[in-house]
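Visitor: First the structure, then my questions, so here it is.
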Amino acid sequence: MSYTVGTYLAERFAQIGLKHHFAVAGDYNLVLLDQLLKNKDCEQVYCCNELNCGFSAEGYARANGAAAAIVTFSVGALSALNAIGGAYAENLPVILVSGAPNSNDHGSGHILHHTIGTPDYGYQLRIAKELTCAAVSITSAEDAPEKIDHVIRTALREKKPAYIEIACNVSGQPCRAPGPISAVVTEPASDAATLKAAVAAVSAFIEGKDKPVILIGSKLRAAGAEAAAVRLADALGCSVATMGAAKSFFPEDHPGYIGAFWGSASSPKVNDIFNWADGILALGCIFNDYSTEGWTAWPKGANVVNADKDVTKLGDLSFNAIHLRDLLDGVAKHFAGKAKKDATMLQYKQIGGGVAVPAPEAPAKEAKLTREHIQRTLQSIVTPDTTIFGETGDSWFNVSRTKLPRGARVEYEMQWGHIGWSVPAMFGYAVGAPTRRNILMVGDGSFQLTAQEVAQMTRRKLPVIIFLINNAGYTIEVEIHDGPYNNIKNWDYAAVVESFNAQDGKGKGLRATTAGELDEAVKTALAHKDGPVLIECVIPRDDCTSELISWGRHVATANARPPAQ
Ligand code: TPU
Ligand code: MG
């Protein structure tokens, strides 16, 4: 046999379009890593730790559609599983592969290193089952092909993470050859009868409304329905808003786009239009406490169609086994050539929506740096090929305010909300999409969790621009609930990044305390092509967006609800 379990896995990775996989070495996965290295179509990329490795893969999946992370047993995998929980929450197919104890040790009563010290090594698989859509343990080459194919197929279909553990003595064992990849990647079509019924029901719903609107949610990409949503918006001519987490999932230069719907953090006039509308088509939306601003902005009831990746609900009807994109195309076809359902768009214009508010004048060069000037600067460098990662904190709202030209993308992790996610995720994304203008906006508190992954951007010479907002603490937490725990130890962030250079790195760390210093730093960053540039932007602790203040108050109120009687 010319394949091994490891080279079989590598070939499947390459066949599903992974040009890279992320790894941290450990003795349970070394032979597996050797096997993966044999495949020249899927490069091995290293991370500083397994949490970051998981998040790097998560970010890569955002750029590339899927990803893989390879770690060692328990000490590695349990850290990576946090990021896998994140991939589940964020609907990203990340395959976590863990090296595992020798197959002869399973059931032997032996105590092994890197375990909790009992002879049952099954706990990691049991944990992984809770956090993935498919999880398998491979202890023999005999059934490795079907187990590997099952895991990858399920992850790609469900857009969820999956898990494979491979006994360390099995990854190099001879294995049968992979069959055609279509067996793994072909999705079943929508059920025709259900699709027809769903299209009819949703079309009738819209026919019955005078003032419908479309709300775009963050699962639209996982559903593969972004282009279909544009076609539906074109057919209806109504207003379209994006939820907080779904920024850039609908083109902002589309004539129907009115901005973000996010309670008091909504774009101007959007709440007015949503209050006025008589029907909401919610496409791939996640309504949680954050996105509904503490349950105060939660569209629900008879006037809402909830159309998700493969389930659509309206009134007392529920349809499943249909792809959202097929539903949207069916409804768009129904309305093609009919009178536009554009009342919400006319009203939006009537009440002054879309009228550009003149930007405040740029400050003098020597003026102390403000959040507002950071915002202006970010806006000035966003191009159609830009991707911005917005970390948890006021970065969410700063990025949310940024106007995007067609093609520009924003990546958020609002369902999982792990501070520090953005640094490794931006690294993984930049590995997958190195020619885009990759910009990261991250707070000082978040950066301290995962800062070391900037070293991997330096190692791979990725020209990521990092705006590090040093506001001396956890301002988002200050706005939700303040206390001494929201103060953090200050770092010399610019020096931290320079220290990663050691002998050969080309990363740059700059510090801006005035408007002029930020302008200069950004010029340097744009010209720097062989490594990341971190610009430490020093602003006062309370210099935050008004959205953060009002959103924080609503979330705090929801958190503080007393137990029900
Ligand atoms: O803009 P700003 O100052 O709010 O951002 P920064 O400095 O990054 O602070 C973020 C503060 C924060 C915390 C501590 N936001 N959420 N949390 C709670 C939290 C704790 N641990 C993890 C892993 N994730 C969290 N979201
Ligand atoms: Mg901060």
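None of the figures in this text is laboratory data; all of them are computed from the coordinates on show. Given the structure is predicted, the values throughout are model-derived calculations rather than measurements. Glycine also receives a Cβ, built like all others from the backbone with ideal geometry; neighbour counts cover every protein chain displayed.
Visitor: Looking at the range 5-17, is at least one residue under 18 Å from LEU96 (Cβ atoms), crowded, with 19+ Cβ neighbours inside 10 Å and of a type in the set (Ser, Thr, Tyr)?
Guide: Yes: one or more hits.
Visitor: Let me ask another. Would you check if LYS489 is closer than 21 Å to ILE439 by Cα and more than 25 Å from the chain's Cα centre (by Cα)? Even if it seems obvious, please write down each step before you answer.
Guide: Values: closer than 21 Å to ILE439 by Cα: no; more than 25 Å from the chain's Cα centre (by Cα): yes.
Here the answer is no, as LYS489 does not meet what is asked.
Visitor: Just one of ALA155, ALA128, ALA162, ALA177 is more than 17 Å from TYR8 (Cβ to Cβ) and small (Gly, Ala, Ser); which is it? Talk me through it step by step, then tell me what you get.
Guide: Details: ALA155 fails: more than 17 Å from TYR8 (Cβ to Cβ); ALA162 fails: more than 17 Å from TYR8 (Cβ to Cβ); ALA177 fails: more than 17 Å from TYR8 (Cβ to Cβ).
Testing whether each residue is more than 17 Å from TYR8 (Cβ to Cβ) and small (Gly, Ala, Ser) leaves just ALA128.
Visitor: Moving on to the next point. Can you pull out every residue in the range 1-31 that is over 25 Å from TYR429 (Cβ atoms) and assigned to a helix (DSSP H, G or I)?
Guide: Passing the criteria: VAL5, GLY6, THR7, TYR8, LEU30, VAL31.
Visitor: Right, next: Could you tell me whether any residue of the range 317-336 is of a type outside the set (Ser, Thr, Tyr), within 28 Å of the chain's Cα centre (by Cα), within 26 Å of ILE469 (Cβ to Cβ) and assigned to a helix (DSSP H, G or I)?
Guide: No, the range 317-336 contains no residue that is of a type outside the set (Ser, Thr, Tyr), within 28 Å of the chain's Cα centre (by Cα), within 26 Å of ILE469 (Cβ to Cβ) and assigned to a helix (DSSP H, G or I).
Visitor: Have a look at VAL478, VAL423, VAL454 and point out the one that is under 20 Å from LEU92 (Cα atoms) and among the β-branched types (Val, Ile, Thr). Show your work before the answer.
Guide: Details: VAL478 fails: under 20 Å from LEU92 (Cα atoms); VAL454 fails: under 20 Å from LEU92 (Cα atoms).
Of the residues listed, the single one that is under 20 Å from LEU92 (Cα atoms) and among the β-branched types (Val, Ile, Thr) is VAL423.
Visitor: Suppose we keep only residues that are touching a Pro at 6+ places or on another chain (Cβ under 9 Å) and among the small types (Gly, Ala, Ser) within the range 429-477. Which one would you say is nearest to ligand 2 (Cβ to nearest atom)?
Guide: Among those that are touching a Pro at 6+ places or on another chain (Cβ under 9 Å) and among the small types (Gly, Ala, Ser), it is ALA472.
Visitor: Okay, moving on. Run LEU96 past the list (1) in contact with a helix residue (DSSP H, G or I) (Cβ under 6 Å, 6 or more places away or on another chain); (2) surrounded by fewer than 13 Cβ atoms within 10 Å (Cβ to Cβ) and report the number of the one that doesn't hold.
Guide: LEU96 satisfies every listed condition except (2).
Visitor: Tell me which strands (runs of 3 or more DSSP E) are completely within the range 340-457 and hold 3 or more residues being polar (S, T, N, Q), within 11 Å of ligand 1 (Cβ to nearest atom) and under 27 Å from TYR60 (Cβ atoms), or say none if there are none. Let's see the steps before the verdict.
Guide: Numbers: elements: 386-390, 409-411, 437-443.
So the answer is none; nothing clears 3.
Visitor: If you take the residues of the range 152-180 that are β-branched (Val, Ile, Thr) and closer than 22 Å to ALA83 by Cβ, which of them is surrounded by the fewest Cβ atoms within 10 Å (Cβ to Cβ)? Full working, then the answer.
Guide: Residues of the range 152-180 β-branched (Val, Ile, Thr): 152, 154, 164, 166, 170.
This time we only want the ones that are closer than 22 Å to ALA83 by Cβ, so: 152, 154, 164, 166.
Numbers: ILE152: 26, THR154: 18, ILE164: 28, ILE166: 31.
Residue satisfying both the conditions and the ranking: THR154.
Visitor: Any idea which of LEU51, LEU36, LEU81, LEU30 is buried (at least 19 other Cβ atoms within 10 Å of the Cβ), more than 25 Å from the chain's Cα centre (by Cα) and closer than 24 Å to ILE127 by Cβ?
Guide: The unique qualifying residue is LEU36.
Visitor: Among (1) away from ligand 2 (no atom under 16 Å from the Cβ); (2) buried (at least 17 other Cβ atoms within 10 Å of the Cβ), there is one condition CYS544 misses while meeting the rest; what is its number?
Guide: (1)
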